[in-house]
Amino acid sequence: MTKDAYTLAGEAAAALRSAAGLDTFDVALVMGSGWVPAADAIGETVREIPFTDLPGFRAPAVAGHGGKIRVVRTSSGRHALIFLGRTHLYEGLGVDAVVHGVRTAAAAGVRTLVLTNAAGGLRPETQNVGDPVLISDHINLTGANPITGTTFIDLTEVYSRRLRALVREVDPSLAEGVYVAFRGPTYETPAEIRMLRTLGGDMVGMSTVLEAIAAREAGLEVLGISLVTNPGAGLSGEPLNHEEVLEVGRATAARMGVLLAKVVDRL
Ligand code: 8IG
């Protein structure tokens, strides 16, 4: 069963190499909601491949989540795979579908993975909407795991200390935080948000952790960045909605794009 998922990723990687006209890639970036407008700054587009052209991929269900892989050449000549959109666990397609892009990137030769997301902020005392936060660690409350069987993967340093230091050379103002993931698609109750603050979480969302685990299994070095787009439920008195996420993304696209472009060129 799980063997099939890795085989399918190998087939998708072969199709991707052929569609891109390239044998290997230096880095892959997964652009979460709010991050898609930042993709344009990373480099010059070589090709765009709809997810539906590759084995095992599904078109994302969520507005603002794109639905294709952009192959980009950066100013320093590196080749990046930019995933414009991702599959979420709440879509009900299963864990393998959620991590298929990461496994495909790994099978296509990628060694470094940048995972971005939009998230609720659990620390409005110190976080502002529109701030990017480096993910230092995660708490996986999805109830799921992409790995089945007796593969005991070490998660002591899921999010590379080296890559975080490299990003802080580019932007020393960036804070770090612990990302908590729920399955969704509901946002949290105020009581759950209070619980997550007590547990040591700094951001909360519905993505990233399963992809990060699959990436560590594949031996990739992982960088994670959250864009805080709303205070967690009950922390601001306002209800949450997805449109504000996209709006914050549009407002911060230039800053996030420059940040990612500089980071990718220093990898
Ligand atoms: I953007 O407040 C975004 N994604 N679970 N909670 C959860 N996911 C989110 C949130 C949030 N904001």
Gained length - LEU93 relative to ALA59, 0.36 nm times residue gap less alpha-carbon distance: 11.1 nm
Where the centre of each part is set by its Cα atoms, how far does the range 88-161 sit from the range 181-230, in angstrom? 7 Å
Any residue on another chain or 5+ positions along whose placed amide H is under 5 Å from the amide H of ASN230 is listed here as ALA119, GLY121
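How big is the Rg/Rh ratio for the range 94-228, C-alpha atoms only, Rh by Kirkwood, two decimals?
0.96
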Kindly write out, for the range 231-243 in residue order, the coupling ³J(HN,Hα) from the Karplus curve 6.51 cos²θ - 1.76 cosθ + 1.60 (θ = phi - 60°), rounded to whole Hz, with x marking Gly and Pro. x, x, 3, x, 8, 10, x, 9, x, 9, 8, 6, 4
For the chain: span of alpha carbons on each principal axis (Å, largest first): 51, 41, 33
Whole-Hz couplings from phi, Karplus 6.51/-1.76/1.60, listed for the range 247-262; x for Gly and Pro: 5, 4, x, 5, 5, 10, 4, 4, 5, 5, x, 4, 4, 5, 4, 5
With only Lys, Arg, Asp and Glu charged, each at its Cβ (+1 for the first two, -1 for the last two), find how big the charge dipole of the range 3-266 is about the Cα centre; round to the nearest 20 debye. 420 debye
Show me the ranking of peptides 29-38, 82-91, 15-24 by mean Cβ neighbours inside 10 Å, starting with the highest. 29-38, 82-91, 15-24
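FYI, it's all coordinate maths here, none of it is from the lab. Just so it is clear, the structure is predicted and the values come from calculations on it, not from any experiment. Positions of Cβ are generated from backbone atoms using ideal geometry, with glycine treated the same way; all protein chains shown enter the neighbour counts.
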